[in-house]
1. Could you please let me know if residue 93 is open to solvent by 50 Å² or more (accessible area, probe 1.4 Å), at positive phi, touching a strand residue (DSSP E or B) at 6+ places or on another chain (Cβ under 9 Å) and not hydroxyl-bearing (Ser, Thr, Tyr)?
2. Is it true that residue 94 is modelled with pLDDT of 85 or more and assigned to a loop (DSSP other than H, G, I, E, B)?
3. Can you tell me which residue within region 1-35, out of those that are open to solvent by 100 Å² or more (accessible area, probe 1.4 Å) and assigned to a strand (DSSP E or B), is modelled with the highest pLDDT?
4. Which strands (runs of 3 or more DSSP E) does region 106-204 wholly contain that include 2 or more residues that are modelled with pLDDT under 85?
5. For residue 121, all conditions in the list (1) open to solvent by 50 Å² or more (accessible area, probe 1.4 Å); (2) under 18 Å from residue 23 (Cβ atoms); (3) of a type in the set (A, V, I, L, M) hold save one; what is the number of the exception?
6. With 88, 82, 103, 111 as the choices, which residue is within 18 Å of residue 23 (Cα to Cα) and open to solvent by 20 Å² or more (accessible area, probe 1.4 Å)?
Amino acid sequence: MASLQFWLKTVDEKERLRLPVNPEQISVKSSYGYEDVQVTQLGEYTVIGEAVLREFTFGAFFPRDYHPGYCEYEDLLKPWDTVEKIETWMNSRKPLRFNVTGTKIEELMVTIRSFQYSERAGNPGDVFYELELKEYKKVEFRQVETSGSGKAMVITGEYRPDTKVPPAFYFVVPRDTLWKIAQRTLGNGDRWREIYAANEKVIGKNPDRLVPGQKLVIPS
């Protein structure tokens, strides 16, 4: 058979699944995030974001019986056992490793976004499916503090400074909310009402309506 192999594995590689029938094609979606925003006295402008995580879509079927014409190996799992394995992985809400040998898709971390399957007349016992995967990147947060000498210091591990002086002002950026601003500047999103009270004349009657570029006072 062809050397091309499609693999899904748990991160620790204790569980793995090689697709018994190779998909005829795999679609890859890659794009950038763009957002059009309105800025007071400046009009509309476009914010060019970062690259969006790639999406992979493909489909084939899990055969009930081995056939040398399309099966990649003989020791097949029962189709519904394979379905159950994939659903268990998806419901675990943990990333997987995705590997397509002979391509640039090697040990790529992904999450299962969609899994559809069905039986069809004329193919008793076989289960046809479509899988949608999305690239996954682990997020690691690091806190940067400025010492009295003006040098930046990265805080890692269990150490956290006892006190943090919030900034005096904050400039609204696209997709901001008062809760996000309070969480970012005061360390507690529930304090958003304090920010609103200090800036009600700037924000207006609707606390959910923020305009990029607005200068907000941050209470101490």
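1. Working: open to solvent by 50 Å² or more (accessible area, probe 1.4 Å): yes; at positive phi: yes; touching a strand residue (DSSP E or B) at 6+ places or on another chain (Cβ under 9 Å): yes; not hydroxyl-bearing (Ser, Thr, Tyr): yes.
So residue 93 passes the test.
2. On the way: modelled with pLDDT of 85 or more: yes; assigned to a loop (DSSP other than H, G, I, E, B): yes.
Yes.
3. 16
4. Details: elements: 108-118, 127-135, 143-146, 152-155, 169-171.
Fully inside region 106-204 and qualifying: 143-146, 152-155.
5. (2)
6. Numbers: 88 fails: within 18 Å of residue 23 (Cα to Cα); 82 fails: open to solvent by 20 Å² or more (accessible area, probe 1.4 Å); 111 fails: within 18 Å of residue 23 (Cα to Cα).
Answer to the check: 103.
The values are calculated or read from the model by the stated rules, or taken from the named source; none is laboratory data. The shown structure was predicted, so the numbers you read here are calculated from the model rather than taken from an experiment. Positions of Cβ are backbone-derived with ideal geometry, glycine not excepted, and every protein chain shown enters the neighbour counts. Heavy atoms of the whole protein, side chains included, go into the accessibility calculation; ligands, DNA and RNA do not. Shrake-Rupley method; radii C 1.70, N 1.55, O 1.52, S 1.80 Å.
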